[in-house]
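Scroll down for the structure; my scribbles are underneath it.
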Amino acid sequence: MAEDYRLPGLPRYLRVNTLKIGLGKAKKQLLLTGRHLCPDPKHPGHRAYHRDSDVPDLLVFKPKGQSDVSRIPMVASRELVVQQKASCFPALALAPPPGAYAIDGCAAPGNKTSHLAALMHNRGRIDAFEMNERRCALLRDMMKAK
């Protein structure tokens, strides 16, 4: 497999999918996998992570090659969502309350859509649009899982 050099040195971000798990339980489960919360973002340990200062429920891990976040069982179960920090901001800026009606006009693979649903406590309506048929199928699958 070829090495991915597109984002060298950038942290890996995992958003706690609060529709499935709370932050406290996620931290306990991460501890069971040998990962520990450390307030110091520069901590040298490969299994240390910290909470993001701008996005609630976003956990920050070492860059690719220095962390193995894809092996965390909560990622496979979609309790933790691998999501870039920048893609968290649209949902936070919209800040839809529970019961709101939201539209995601460029929705696949579904990270922003699921973030909207979490902020809305899964109450309300989100119309998610995707032009590409293959990506639309991915969106449907991800929404079922998340």
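The values are calculated or read from the model by the stated rules, or taken from the named source; none is laboratory data. Quick caveat, the model's predicted, so the values are computed rather than measured. Backbone-built Cβ (ideal geometry, glycine too); neighbour counts: all protein chains shown. Ligands, DNA and RNA are excluded from the accessible area calculation, which covers all protein heavy atoms including side chains. Shrake-Rupley method; radii C 1.70, N 1.55, O 1.52, S 1.80 Å.
All but one of (1) under 30 Å from R123 (Cβ atoms); (2) in a loop (DSSP other than H, G, I, E, B); (3) among the charged types (D, E, K, R) hold for K25; state the number of the condition that does not hold.
Exception for K25: condition (2).
So which pairs qualify, if the first residue must be in region 16-42 and modelled with pLDDT of 95 or more, the second must be part of a helix (DSSP H, G or I) and open to solvent by 40 Å² or more (accessible area, probe 1.4 Å), the Cβ gap must be under 8 Å, and the two must be at least 6 apart or on different chains?
As it stands, the answer is I21/Q29; Q29/P73, since those pairs meet every condition given.
Across region 81-95, what is the number of residues that are without any contact (Cβ under 8 Å) to a residue 40 or more places away in the chain, under 16 Å from M143 (Cα atoms) and open to solvent by 30 Å² or more (accessible area, probe 1.4 Å)? It would help to see each step written out before you state the result.
The first filter runs over region 81-95 and keeps only residues without any contact (Cβ under 8 Å) to a residue 40 or more places away in the chain, leaving 86-87, 89-95.
After this cut, where a residue has to be under 16 Å from M143 (Cα atoms) as well, the list is 91.
Keeping just the survivors that are open to solvent by 30 Å² or more (accessible area, probe 1.4 Å) gives none.
Within region 81-95, residues that are without any contact (Cβ under 8 Å) to a residue 40 or more places away in the chain, under 16 Å from M143 (Cα atoms) and open to solvent by 30 Å² or more (accessible area, probe 1.4 Å) number 0.
Just wondering, is there one or more residues in region 2-12 that are touching a Leu at 6+ places or on another chain (Cβ under 6 Å) and within 22 Å of A118 (Cα to Cα)? Full working, then the answer.
Applying the first criterion (touching a Leu at 6+ places or on another chain (Cβ under 6 Å)) to region 2-12 yields none.
No, region 2-12 contains no residue that is touching a Leu at 6+ places or on another chain (Cβ under 6 Å) and within 22 Å of A118 (Cα to Cα).
Out of the residues in region 52-86 meeting the condition of being in a loop (DSSP other than H, G, I, E, B) and β-branched (V, I, T), tell me which one is farthest from the chain's Cα centre (by Cα). Break it down stepwise before answering.
To start, the set of residues in region 52-86 that are in a loop (DSSP other than H, G, I, E, B) comprises 52-57, 62-63, 65-66, 68, 72, 77-79, 83-84.
Add one more test, that the residue is β-branched (V, I, T), and what stays is 55, 72.
Numbers: V55: 11, I72: 13 Å.
The residue in question is I72.
Every residue in region 100-127 that is small (G, A, S) and open to solvent by 40 Å² or more (accessible area, probe 1.4 Å), please. Even if it seems obvious, please write down each step before you answer.
Of region 100-127, the ones small (G, A, S) are 100, 102, 105, 107-108, 110, 114, 117-118, 124.
Listed by number, the residues that qualify are G105, G124.
Across region 111-131, which residue is nearest to Q83 (Cα to Cα) among those that are more than 13 Å from the chain's Cα centre (by Cα) and among the small types (G, A, S)?
Here the answer is A128.
Could you tell me which of the residues D127, D52, D141 is without any contact (Cβ under 8 Å) to a residue 12 or more places away in the chain and of a type outside the set (A, V, I, L, M)?
Values: D127 fails: without any contact (Cβ under 8 Å) to a residue 12 or more places away in the chain; D52 fails: without any contact (Cβ under 8 Å) to a residue 12 or more places away in the chain.
The match here is D141.
For region 67-78, does any single residue satisfy the condition of being small (G, A, S) and open to solvent by less than 30 Å² (accessible area, probe 1.4 Å)? Working first, answer last.
Here is the first cut: in region 67-78, the ones small (G, A, S) are 67, 70, 76-77.
Okay, now just the ones that are also open to solvent by less than 30 Å² (accessible area, probe 1.4 Å), so 67.
Within region 67-78 (the criterion being small (G, A, S) and open to solvent by less than 30 Å² (accessible area, probe 1.4 Å)), the answer is yes, since at least one residue qualifies.
Is it fair to say A108 is of a type outside the set (S, T, Y), assigned to a helix (DSSP H, G or I) and touching a residue at least 24 places away in the same chain (Cβ under 8 Å)? Talk me through it step by step, then tell me what you get.
On the way: of a type outside the set (S, T, Y): yes; assigned to a helix (DSSP H, G or I): no; touching a residue at least 24 places away in the same chain (Cβ under 8 Å): yes.
Taking the combined requirement at face value, the residue does not satisfy it.
Condition check: among the basic types (K, R) and surrounded by 14 or more Cβ atoms within 10 Å (Cβ to Cβ). Does K62 satisfy that? Full working, then the answer.
Working: among the basic types (K, R): yes; surrounded by 14 or more Cβ atoms within 10 Å (Cβ to Cβ): yes.
Taking the combined requirement at face value, the residue satisfies it.
Hey, any hits in region 15-36 for a residue that's open to solvent by less than 30 Å² (accessible area, probe 1.4 Å), basic (K, R), out of contact with any Cys (no Cβ under 6 Å at 6 or more places or on another chain) and closer than 22 Å to M142 by Cα?
Yes - at least one qualifying residue is present in region 15-36.
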